[in-house]
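Only one structure is covered here, and it is reproduced in the block below.
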4 protein chains.
Amino acid sequence: MSTATRVTVWNEYRHEKLHAEIKEVYPEGIHQAIAKPLADKGFAVRTATLDEPSHGLTDDVLESTDVLIWWGHMAHHEVDDAIVEKVVARVWDGMGLIVLHSGHFSKVFKRLMGTSCDLKWREANDSERLWVVDPGHPIASGLGEYIELANEEMYGEHFDIPTPDEIVFVSWFTGGEVFRSGCTYHRGRGRVFYFRPGHESFPTYHQADIQKVIANAVNWASPNHGPKPVYGNAKPLEGVK
Amino acid sequence: MSTATRVTVWNEYRHEKLHAEIKEVYPEGIHQAIAKPLADKGFAVRTATLDEPSHGLTDDVLESTDVLIWWGHMAHHEVDDAIVEKVVARVWDGMGLIVLHSGHFSKVFKRLMGTSCDLKWREANDSERLWVVDPGHPIASGLGEYIELANEEMYGEHFDIPTPDEIVFVSWFTGGEVFRSGCTYHRGRGRVFYFRPGHESFPTYHQADIQKVIANAVNWASPNHGPKPVYGNAKPLEGVK
Amino acid sequence: MSTATRVTVWNEYRHEKLHAEIKEVYPEGIHQAIAKPLADKGFAVRTATLDEPSHGLTDDVLESTDVLIWWGHMAHHEVDDAIVEKVVARVWDGMGLIVLHSGHFSKVFKRLMGTSCDLKWREANDSERLWVVDPGHPIASGLGEYIELANEEMYGEHFDIPTPDEIVFVSWFTGGEVFRSGCTYHRGRGRVFYFRPGHESFPTYHQADIQKVIANAVNWASPNHGPKPVYGNAKPLEGVK
Amino acid sequence: MSTATRVTVWNEYRHEKLHAEIKEVYPEGIHQAIAKPLADKGFAVRTATLDEPSHGLTDDVLESTDVLIWWGHMAHHEVDDAIVEKVVARVWDGMGLIVLHSGHFSKVFKRLMGTSCDLKWREANDSERLWVVDPGHPIASGLGEYIELANEEMYGEHFDIPTPDEIVFVSWFTGGEVFRSGCTYHRGRGRVFYFRPGHESFPTYHQADIQKVIANAVNWASPNHGPKPVYGNAKPLEGVK
């Protein structure tokens, strides 16, 4: 790409500091595990975390972000509502947003969906298989028919989301559940991709095909520079009596 | 119908009290103009308005409402946030919601959509023609190919809504604009229909085919009594190692 | 219902005559197993089979059918192309169509979809669990969170269908596969529901919740009597210079 | 782009040879008018026309085409059914397809849609305004809020197509009609874009914003190289009893 897409990887970054067994899986934090393979692929990547001032999401950072990736879990409630509104406004204005795993319950995602975003879950020894149900979708580029994760947290239906614009993946779990694991949405001029995998206790983001999905999603969600709509009172374009 | 669908017509009911020229069009209020033809068709109809205690939307009223119809305009900001959340929760639980005209900017609709819900508008002498683009949809039952409104406020694209699940009507306006005028959404177990027409200064709700659309939408949006999802921690249904 | 919806259940009716073990499961044919519970629910039900003249689908039968249910498997190629076109024309004109299981490869379904309709399959000892992913959909009325089938043929993704208008069910199979098991489509003024279960060697259609889905789908797919579109050369409705 | 997307522009090429007034608008044929601006933008462009052997669509040409653009009108019936099936098979396998204007009635488009693809039309002095209703869509990249065409043939609703996956444009016509003018579909691994404008008697394809839409659509429809699905009998991935 001539001008690199500017990606900001946001991570709550608490589990990795508080829990030794999580730190073992992601010693530099989940955000670094996500950021590095993106940087290797040529994206212009920054990270931001909850405990930085403004959660690392200053106006400058948001304005210069093409695609924002979001991982959060135990501290959703600590995310400042004013920052949430700024992120939402940027999505409406064209910034792409990729919400990962437990981010389903983040303020940002719930705000953009208009539903509870609730689901079934289980931390056990399930394995997961994500089937590609839309093989023509750019987010499925370069993948095989499915992605296998030897161990993952189970997320099961009903997933309380709006009807997705597109469903790219459907997951199978050992315990008997299914899940719509890769879902796209348009919100204003921006586009949102929810991608299910990535529990903090499993090395999911170290897996190459998961990294490929995230990179594909960044490409898909990057701004399209379509028309900026003009709202409000409008003069007629044709003669009105 | 064996048991009548229970409809609550909610109206802000301010224009009709404050402005003589609006009172002339809707002497008993827009809510009564919407409620009467529904009652005539056999629905069990109540009304509720902004200035009643709890805006007329007590827990009892909401619990016993199958489909809520919403008209608001000049006082969206006066609707109590706690009531908004109760309405939203009831939609998620299966109550149908029909949002009319300027209700596009109501707190309830914006909360359920996750977008700005902004649009172009013009109060002039436009006429409007609503074309049926989905003739197999139950909301189009009994209609002709289009509905004509001799005078209406113009609403023009871009309409900043999520991709609709279904588009039933697209409007043509004299001044050169188009609009997605009849849009459906699923939210939780509930269903939402946005229907564009109905500016307070025009006798739109006295028109028979508009009344038919609203009745059709009530039938479409009434609760389907599908499974009530169970969320949260879930035991496996199959043996997990 | 005041006037009963008129249902025609079409069955290839070969397996039940040729194979003793299938006859044991469906002694009067799959069509009778589907028709009887519908008749018990008050629908006006007829049956039609491949080996009748015109496959039982004369112009009179098609004209007086509100919803056609289709089961076929080993003799898809024996269905007359002229009859296929008549069925398709009736769907476009508003007749509902419910395609069951191996009907995914019927001429009628492939003609209406525009894709290969291919899939993975396995006749083994899989069990199937159909999860409701759209609990607000009328086809899910009265169901639990999922339907369990102790034994069924496996159908797995990728299922080569157009993007469904709505997905009501997603299936889980023992062998590790998933499937979009309940899909809706609009075609002209008619509506189509594909429902996965029902291999001839299993007593699937004797199961009450499967019968409920089929009845719900008949109600959903019955004609809405929307506007009959006028096509071709059209005079302007507004003054064109 | 590192490797240029390979585009084949197919044109019936009869009007331009038979009718002097059309030749005046497109002296080298509509295909050349479409091909040149694409070549200028760096695409690897070829053309093919009806009267060439195999209509110019040999197996070699189809195999080496990433995106096929289709314009046809007066000779749809002369397109060989075997070629139609080859084009359809290539779309299913991932080739992009852009169908222009009167191509709505081409065998290829009708085959892929499964509907009649009928519509209203009028050759008069209508002007057309195509409003962008999905400003975040890549096909709307770089456009203004609408495209104006001073003179075009009118196409009006109801347009008998399947529910589009996405609607990018909605048209307004002087005579009072509207039309879903830019519609996307997934078919197998391939993607289809229908774009309304381009009557042979108007210089529509000489207009820069129309050329931009076609270039955007080529980028959008080019193959994504997702997984090639495996169909048919499948061994279990998990232990089945």
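Derivation of every value follows stated rules applied to the coordinates shown; laboratory data play no part. Because the structure is predicted, anything quoted here is derived from the model rather than measured. Methodologically, a virtual Cβ is constructed for each residue, glycine included, from the backbone with ideal geometry; neighbour enumeration extends over all protein chains shown.
What angle do you read, to the nearest 10 degrees and between 0 and 90, between the alpha-carbon axis of helix B:81-92 and the longest principal axis of chain B?
Once rounded, one gets 70 degrees.
To the nearest 20 debye, what charge dipole does chain D have about its Cα centre, counting +1 at the Cβ of each Lys and Arg and -1 at the Cβ of each Asp and Glu?
Rounded to the nearest 20 debye, it is 920 debye.
Averaged over B:188-201, how many beta carbons belonging to a partner chain fall within 10 Å of each residue's beta carbon?
Taking the mean over all residues of the peptide, I get 2.
Students often check this: by mean Cβ neighbours within 10 Å, which of C:169-178, D:84-93 ranks highest, and how do the rest follow?
Peptide ranking by packing, descending: C:169-178, D:84-93.
Can you tell me which aspartates and glutamates have their Cα less than 12 Å from the Cα of A:Lys17? Leave out same-chain residues fewer than eight positions away.
A:Glu28, A:Asp51, A:Glu200
Quantify how strongly other chains surround peptide D:146-158 by giving the mean number of their Cβ atoms within 10 Å of each of its Cβ atoms.
That average works out to 4.
Return the average number of partner chain Cβ atoms within 10 angstrom of each residue Cβ along peptide A:54-62.
Shielding by partners across A:54-62 averages 0.
About its Cα centre, what dipole magnitude does the protein assembly as shown give when the only charges are +1 on Lys and Arg Cβ and -1 on Asp and Glu Cβ, stated in debye to the nearest 20?
Taking the Cα centre of the protein assembly as shown as origin, the dipole is about 0 debye.
Nearest 10 degrees, 0 to 90: what angle lies between the long axis of helix D:30-40 and the longest principal axis of chain D (Cα atoms)?
Value to nearest ten degrees: 70.
Compute the helix-to-body angle for B:208-221: its Cα long axis versus the longest principal axis of chain B, expressed 0 to 90° and rounded to tens.
It is inclined by approximately 10 degrees.
Every other copy gets compared here: list the nm distances from the B:Glu85 label point (7 Å along Cα to Cβ) to its counterparts, shortest first, one decimal.
Ordered by distance, the counterparts are at 1.7, 6.2, 6.2 nm.
Spin-label point model (7 Å from Cα, Cβ direction): what's the C:Glu148 to D:Tyr231 distance in nm?
Here the answer is 3.4 nm between the modelled labels.
Using a 10 Å cut-off on Cβ atoms, rank the peptides C:229-238, C:31-40 from the highest mean neighbour count down.
Ranking the peptides C:229-238, C:31-40 by packing returns C:31-40, C:229-238.
Where in the stretch C:67-105 does the label zone of C:Asp51 land, with the point 7 angstrom along Cα→C-beta and an amide N cut-off under 18 Å?
Backbone N within reach: C:71-80.
Among A:Pro53, A:Ser64, A:Tyr155, which residue has its Cα furthest toward the positive end of the charge dipole of the stretch A:6-221, with +1 on Lys/Arg Cβ and -1 on Asp/Glu Cβ?
Farthest towards the positive end: A:Ser64.
Could you pull out which residues in the stretch A:175-202 have an amide N less than 15 Å from a spot 7 Å beyond the Cα of B:Glu238, following the Cα-Cβ vector?
A:175-179
As I understand it, the dipole of the stretch B:82-241 uses +1 on the Cβ of Lys and Arg and -1 on the Cβ of Asp and Glu, about the Cα centre. Which of B:Ser127, B:Tyr185, B:Met95 lies farthest toward its positive end?
B:Met95
Run lengths n ≥ 4 of DSSP H only: what is the helix-derived mean residue ellipticity at 222 nm for chain A, with -39500 (n - 2.57) per run over all residues, to the nearest 500?
Calculated mean residue ellipticity at 222 nm is -6500 deg cm²/dmol.
Under a 5 Å amide H to amide H cut-off, with H placed in plane at 1.01 Å, what residues pair with C:Trp10 once short-range neighbours are removed?
C:Ala48, C:Ile69, C:Trp70, C:Trp71
If R0 is 60 Å, what FRET efficiency do you get for A:Ala208 and C:Asp81 from their C-beta distance, rounded to 0.05?
With a Förster radius of 60 Å, E is 0.80.
If you take every DSSP beta bridge fully contained in the protein assembly as shown, what fraction is antiparallel? Give it as a percent rounded to 5. Working shown, then result.
Details: 96 of 180 bridges.
The antiparallel proportion sits near 55 percent.
Where does each of C:Arg6, C:Arg46, B:Arg189 land when they are ranked from fewest to most other beta-carbon atoms within 10 angstrom?
Result, fewest neighbours first: C:Arg46, C:Arg6, B:Arg189.
Classify chain D as rounded, prolate or oblate, taking a ≥ b ≥ c as the square roots of the eigenvalues of its Cα gyration tensor: rounded when a/c is under 1.5, otherwise prolate if a/b is larger than b/c and oblate if not.
Since a/c reaches 1.5 and a/b is larger than b/c, the shape of chain D is classed as prolate.
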